[in-house]
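Enquirer: Can you read through this structure? Questions will come right after.
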Amino acid sequence: MGPASLDEALVAAAQGGSAEAFSRLVERHQQALRAFLRRTCGDWAQADDLAQETFLAAWSRIGRLKAGASVRAWLCGIGYNKHLSAVRSAGRERARASVYEADRETTQDALPEDRLALERAMAGLPQEQRACVALCLAAEFSHAEAAEALGMPLGTVKSHVSRGRARLLQALGVCDDAS
Amino acid sequence: MQADDRLKALFAHDEPLMRDPAFATAVMERVMRRRFLEDVALLCVVSLVGGAVFWVVWPTLQPALVAVSQGLAPALGAFAMAICAMVILGGRPSSDLGLGT
């Protein structure tokens with residue numbers, strides 16, 4: 001059984017009320033979701049909290065997931081909305097940016113220079129651009145899959161990825177071999 | 001695509017573990033807690049609605065029940081016990097009541 005058909009079988013079982021099937025979905029997709037949220041939030045602890053919230057919401061809404069839909073994209077979409085809600089409701093974007101910077105300061109010695117540069121550049125990207133970059137450049141989502149997950153038009157995703165990529169490469173001092 | 005490969009390699013440092021039982025357990029604990037609360041809420045609602053219905057129909061129901069209770073009481077008692085055992089030992093109240101997951 002391939003990954004997609006295994007997901008489909010697990011989703012069908014979870015829609016029937018199987019907590020065990022849902023638990024397997026959590027195991028299979030936690031890495032992708034948490035990685036996406038870490039890159040989008042910048043704050044790993046908060047990203048993990050949001051990932052837990054995302055799975056809770058997914059459990060409640062699993063009945064709405066259509067057969068054959070990408071579970072990974074669906075989860076990332078819920079996670080992204082949770083992230084946006086957290087940012088909006090508490091007006092924490094500035095606070096988070098300062099926490100993000102503070103975190104970087106404390107771990108600066110342990111991180112290679114270009115990782116630091118990448119994280120700083122990611123933190124400097126606009127919210128939507130960061131999410132597109134996190135999905136398409138870091139997690140190998142197709143543009144269409146990212147557009148579906150984030151609820152954005154395909155062209156917008158392409159443009160966010162292209163601009164974000166250019167800014168990251170510039171921050172790293174890497175020559176853009178695609179242009 | 002050297003530039004993209006380099007970006008990908010740098011992003012790889014953010015990846016959590018492929019298997020993280022502690023995280024999965026924490027999520028499932030919260031899921032089960034929510035499920036339990038949903039069950040409790042459902043049972044409360046069913047009890048309240050059932051109580052209200054009985055309160056409304058009791059004046060009509062009582063004479064009829066008295067009339068048939070002599071004959072049906074043992075059978076109804078056994079049936080009620082079977083339902084209780086099924087709910088406690090077997091499935092979940094929502095599915096047993098035919099209300100889905």
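Enquirer: Quick one: how many residues across segment A:19-34 are more than 7 Å from chain B (Cβ to nearest Cβ) and acidic (Asp, Glu)?
Expert: 1
Enquirer: Right, something else. Are any of the residues in segment A:38-54 of a type in the set (Lys, Arg) and either loosely packed, with under 15 Cβ neighbours inside 10 Å or closer than 15 Å to B:Arg30 by Cα (or both)?
Expert: no
Enquirer: Among the residues of segment A:146-165, what is the count of those that are over 15 Å from A:Gln127 (Cβ atoms) and either within 9 Å of chain B (Cβ to nearest Cβ) or in contact (Cβ under 8 Å) with a residue 12 or more places away in the chain (or both)?
Expert: The total comes to 3.
Table: residues versus (1) aliphatic (A, V, I, L, M); (2) under 20 Å from the mean Cα position of the chain (by Cα).
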residue	(1), (2)
B:Asp5	no, no
B:Lys8	no, no
B:Phe36	no, yes
B:Cys44	no, yes
B:Gly50	no, yes
B:Ala64	yes, no
B:Ala75	yes, no
B:Leu89	yes, yes
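Enquirer: Looking at (1) at pLDDT 85 or above; (2) within 21 Å of A:Ala58 (Cα to Cα), find the lone condition where B:Val46 falls short.
Expert: In the conditions (1) at pLDDT 85 or above; (2) within 21 Å of A:Ala58 (Cα to Cα), B:Val46 misses (2) alone.
Enquirer: Given the criterion under 16 Å from B:Ala9 (Cα atoms) and at pLDDT 85 or above, identify the matching residue among A:Glu145, A:Glu113, A:Glu140.
Expert: Sole residue among the options that is under 16 Å from B:Ala9 (Cα atoms) and at pLDDT 85 or above: A:Glu140.
Enquirer: Has segment A:78-92 got at least one residue that is more than 9 Å from every other protein chain (Cβ to nearest Cβ) and not in a helix (DSSP H, G or I)?
Expert: Within segment A:78-92, one or more residues are more than 9 Å from every other protein chain (Cβ to nearest Cβ) and not in a helix (DSSP H, G or I).
The rows are residues; the columns are (1) more than 30 Å from A:Gln15 (Cβ to Cβ); (2) surrounded by 17 or more Cβ atoms within 10 Å (Cβ to Cβ); (3) of a type outside the set (Asp, Glu); (4) modelled with pLDDT under 55.
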| residue | (1), (2), (3), (4) |
| --- | --- |
| A:Ala73 | no, yes, yes, no |
| A:Cys76 | no, yes, yes, no |
| A:Gly79 | no, yes, yes, no |
| A:Ser85 | no, no, yes, no |
| A:Ala90 | yes, no, yes, no |
| A:Arg104 | yes, no, yes, yes |
| A:Asp109 | yes, no, no, yes |
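Enquirer: Hey, A:Gly2 hits all of (1) more than 11 Å from chain B (Cβ to nearest Cβ); (2) modelled with pLDDT under 95; (3) under 16 Å from A:Leu150 (Cα atoms) but one; which does it fall short on?
Expert: Of (1) more than 11 Å from chain B (Cβ to nearest Cβ); (2) modelled with pLDDT under 95; (3) under 16 Å from A:Leu150 (Cα atoms), only one is false for A:Gly2: (3).
Enquirer: Name the pairs: first residue in segment B:7-19 and of a type in the set (Val, Ile, Thr), second residue assigned to a helix (DSSP H, G or I) and surrounded by 11 or more Cβ atoms within 10 Å (Cβ to Cβ), Cβ to Cβ under 8 Å, at least 6 apart or on different chains?
Expert: The qualifying pairs do not exist here.
Enquirer: While we're on this one: For segment B:1-31, how many residues meet the condition of being facing chain A (nearest Cβ under 7 Å) and closer than 30 Å to B:Ile88 by Cβ?
Expert: Number of matching residues: 6.
The values are calculated or read from the model by the stated rules, or taken from the named source; none is laboratory data. Nothing here was measured: the structure is a model prediction, and the numbers come from that model. Cβ atoms come from the backbone with ideal geometry, glycine included; neighbour counts cover every protein chain shown.
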